[in-house]
Amino acid sequence: MEPCSPYDSDSSGNGRRRSTSDICYSSDGREKSNDRPSGSSSRTFTFLELVMATNNFRESNLIGEGGFGKVYKGHIDKNQVIAVKRLNLDSLQGNQEFIVEVSMLSILHHPNLVNLIGFCAEGDQRLLVYEYMPMGSLADHLFDRENVRGTLEWNTRMKIAVGAARGLEYLHCIAKPPVIYRDLKSANILLDNFFNPKLSDFGLAKLGPDGDKSHVSTRVMGTYGYCAPDYALSGKLNIKSDIFSFGVVLLELITGRMAFDITRKPGEQSLVTWSRPFLRDRKRCIEMVDPRLQERFPARTARHMIFLTAMCVKDEPSLRPPISEVVAALEYLGTECRDLPSPQNP
């Protein structure tokens, strides 16, 4: 997880990620000040158990790496496959993110949220144990430069968009109080064998504003390219911040481009900036669809999805649709795709 600006640094100016003011939540959703997970229904593992599960964190079992640390494939209870995320001991904020993630995923349960099996907090070791998602992340498939995994078909992209939106709808509309994800990106959308998506990595999540409050004031955290501009500038976080990030993910699904790609020429590095002219032009908008699809997609559905995406990435938060409307629109478009006898060229 990176700051919303590539130039952000902490107070020492050393370029590390800034710390968050995230809190720990008990099983009833109230704030707590403990420095260890509390009220957790997850299984507690010993460090030795996870050493054995991952063959001493063997390099061949490494399946991912991020700001928190490394992720290893492992086995427990003879045949259950797991993913073990091990905290980087040099991380300045990893322990706080660990506490928030365990606390959040112990009380939040939905088919489109990753399942936390348990954790280890032994000595200075901090590890999270998840269900194993065999198809990796959405980012792995969209940005596979060597095309080892093949191109995601349009209908599969729609399926992923619908599932991810349902997960976000649960956080915004069903969880009480609502939860602001704050780190929605393609790398955090994991896929099972059937490309059912699950949101993962809740270390930056925040409880939504109480009562009549419109936002939560917090330090700006997230990943550059996905952060809503209003949040990045003001530090005022609300559920519409997640809608912007989801719109960026939709752009990635539509175009096959990364949210921010330093290898592209100036003016094309930011996906949102590059896409603006297409989003405003109903005639040209279809040109932004991933060329790897080779026009194997329904043009009418693609145009409607592009229009929905344009609403999600509006600069003004009040103009972005609520996630319930996004889900309804995507479900309709997904049904429209399934009803087509065959892909239609634009």
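Basic side chains Lys and Arg get +1 at the Cβ, acidic Asp and Glu get -1 at the Cβ, and with that the dipole of the range 138-339 about its Cα centre reaches some 300 debye. Cβ crowding within 10 Å ranks SER200, SER106, SER241 as SER106, SER200, SER241, fewest other Cβ atoms first.
Please work out how much length the chain gains when fully extended from CYS173 to ARG292, using 0.36 nm per residue of separation minus the C-alpha to C-alpha distance, in nm with one decimal.
Numbers: separation 119, 0.36 × 119 = 42.84 nm, distance 3.56 nm.
Value of the extension gain: 39.3 nm.
The H on the amide N of LEU237, modeled in the peptide plane, is under 5 Å from the matching H of VAL216, SER217, THR218, each at least 5 residues off or on a different chain.
In a reduced charge model with +1 at each Lys and Arg Cβ and -1 at each Asp and Glu Cβ, the range 214-334 shows a dipole moment near 260 debye about its Cα centre.
What ranking do THR255, THR156 get, fewest neighbouring Cβ atoms within 10 angstrom at the top? Ranked by crowding around the Cβ, least crowded first: THR156, THR255.
Which of the trypsin sites (Lys or Arg not before Pro) across the range 269-339 are loop residues per DSSP, with 11 or fewer other Cβ within 10 Å?
Of the trypsin sites (Lys or Arg not before Pro), the ones in loops of the range 269-339 whose Cβ has at most 11 other Cβ atoms within 10 Å are ARG280, ARG282, LYS283, ARG284.
Once the Cα-Cα distance is subtracted from the 0.36 nm per residue extended length, the ASP261 to ASP77 segment shows a gain of 62.1 nm.
Every read-out reported here was derived from the displayed coordinates using simple, explicitly stated rules and does not represent laboratory data. These numbers come from a predicted model, not from an experiment. We place every Cβ from the backbone using ideal geometry, glycine too, and count neighbours over all the protein chains shown.
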